[in-house]
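Bear in mind these aren't lab numbers, they're just calculated from the coordinates by the rules spelled out. These numbers were taken from a predicted model, which means no experiment stands behind them. Because the Cβ atoms are built from the backbone with ideal geometry, glycine has one as well, and the counts that use them run over all protein chains shown.
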Amino acid sequence: MLLSPSLLSSDYGHLADELKALEKADLKWVHWDVMDGQFVPNITLGAPIIKCLRKESNLFFDVHLMVDRPERFLVDFAEAGADLICVHAEAGNHLNRTIQEIKKLGKQAGVALNPHTPLNVLDYILPELDLVLIMSVNPGFGGQKFIPYTYAKVRELKERINKLNLKTLIQIDGGVDLTNAKALVEAGADVLVSGSAFFNFPPYGERVKAFYKAIE
Ligand code: DX5
Ligand code: ZN
């Protein structure tokens with residue numbers, strides 16, 4: 001299991017320090033939540049900020065775009081230093097083209113699904129994906145309550161991935177904490193995103209250990 005802390009719950013005033021602290025805590029991934037105030041009712045940050053922070057960190061930048069028509073910004077985020085670009089299936093009209101463009105830019109490609117979006121939107125595109133992000137809250141804010149039907153969705157997606165013999169990672173985002181981490185990994189999750197249940201409980205090194213202990 002990989003833990004990808006969501007910076008949405010970090011101290012935006014000290015992002016460089018936060019990134020350094022995550023690296024020190026032996027983490028490999030960090031999750032950037034990009035919100036445009038259109039696709040979701042909140043605004044966070046964009047490519048220029050990620051670009052500045054790229055110089056400060058060797059972490060794998062896992063970039064979750066909660067923006068309408070994300071195809072407009074792929075080059076910006078690739079040039080800013082994203083390692084993986086994840087777009088919402090609900091946010092654009094040409095998912096196939098968007099995925100091809102992310103790959104052409106030399107980045108890993110992910111697709112995120114809102115809680116209500118069925119898995120079958122992935123039917124033809126799954127073999128192309130490095131990662132599928134299953135939203136376990138409605139995107140827009142940290143600290144929301146985990147939606148329990150996520151478990152069934154993750155199990156079903158894992159079955160489909162196994163059946164096709166793919167290496168696609170399953171990422172869960174929203175309301176992940178020490179109480180549901182184990183069940184999510186058992187259902188098939190590979191990457192857990194955690195915002196409030198991670199950043200509200202420093203020191204980070206200890207929190208990382210607590211997450212790994214919770215899934216034992
Ligand atoms: C929600 C974001 C999540 C969020 C997770 O729109 O995509 O990454 O920050 O935060 P918690 O873990 O607090 O639900
Ligand atoms: Zn996210």
Exercise for the section: Take the alpha carbon atoms of segment 170-188, find their center, do the same for segment 129-162, and report the distance between the two centers in whole angstrom. Expected result: 9
Handout entry: Debye, to nearest 20: dipole size of the chain, +1 on Lys, Arg Cβ, -1 on Asp, Glu Cβ
Key = 320
Completion exercise
the chain: relative contact order from alpha carbon pairs under 8 Å, six or more residues apart, as a whole percent, is 20
Handout entry: Unit charges at the beta carbon, dipole of the chain: most positive-side option, 166, 179, 95
Key = 166
Exercise for the section: Go through 116, 214, 37 and say which Cα lies farthest out towards the positive end of the charge dipole of the chain; charges sit on Cβ, +1 for Lys and Arg, -1 for Asp and Glu. Expected result: 214
Exercise for the section: Working from the alpha-carbon coordinates of the chain, get Rg over Rh, Rh being the Kirkwood radius. Expected result: 0.93
Practice task
Starting from the Cα coordinates of segment 88-154, work out the convex hull volume and express it per residue in Å³.
Solution key: 98
